[in-house]
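Trainee: Mind having a look at this structure? Questions to follow.
Please treat every number below as a calculation from the coordinates, not as lab data. It should be emphasised that the depicted structure is a prediction, and the values quoted were computed from it without experimental measurement. Note that each Cβ is placed from the backbone with ideal geometry, even for glycine, and that neighbours are counted across all protein chains shown.
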Amino acid sequence: MCLPPSPAPLPLPTALVARHRAVDREIVGSALVDTPRHLDRLTSDIAERGILTPLRLGFNARFATLDGNHRIAVALRLGLASVPVTLHPVPLVPRPDHARTVSARDLTALRRARHHAGGT
């Protein structure tokens, strides 16, 4: 059984979140959008208004998956120290192909953040 997501977006270190991205959108484009132009527009918007839609980080003791590869690319471009994230515990099976192995240090940080936010 999976726990519910974090009750509200949490500010997490950009570097921690970036370690769990499926791809680096500065290098690998998307089939759905003109990635360079999209990143440029998103950079302008986030520089002006901040990240309005929190990133989604699913995790368990073995892996993590990130929804927000364009936003994390922009956060890195802008040198943001932290990004808003909702944490979603996910089951161990099935493991998505784009999942990244979670280190013990990152797992501790994610669990701590979730606990301090009122999650279990």
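Trainee: Give the percent of DSSP beta bridges with both residues in the stretch 10-116 that are antiparallel, rounded to the nearest 5. Can you show the working numbers first?
Mentor: On the way: 10 of 15 bridges.
For the stretch 10-116, the DSSP antiparallel bridge percentage is about 65.
Trainee: Students often check this: by mean Cβ neighbours within 10 Å, which of 91-97, 50-56 ranks highest, and how do the rest follow?
Mentor: Working: 91-97: 9.4, 50-56: 16.0.
Answer by packing, highest mean first, reads 50-56, 91-97.
Trainee: Relative to the first principal axis of the alpha-carbon coordinates of the chain, what is the inclination of helix 104-116, with its axis defined by its Cα atoms, in degrees from 0 to 90 and to the nearest 10?
Mentor: 80
Trainee: Which of ASP45, ASP67 comes first, and how do the rest follow, when ranked by fewest Cβ neighbours within 10 Å? List each step's numbers first, then the result.
Mentor: Details: ASP45 13, ASP67 17.
Arranged by neighbour count, lowest to highest, ASP45, ASP67 become ASP45, ASP67.
Trainee: Which ³J(HN,Hα) values, rounded to whole Hz and listed in residue order, are derived for the stretch 78-85 from phi using the Karplus coefficients 6.51, -1.76 and 1.60 in 6.51 cos²θ - 1.76 cosθ + 1.60 with θ = phi - 60°, glycine and proline given as x?
Mentor: Result, ordered by residue: 7, x, 5, 6, 9, 9, x, 9 Hz.
Trainee: Per residue of the stretch 38-44, what does 6.51 cos²θ - 1.76 cosθ + 1.60 with θ = phi - 60° give for ³J(HN,Hα)? Whole Hz please, x for Gly and Pro, Karplus curve as stated.
Mentor: 4, 5, 5, 5, 5, 4, 4
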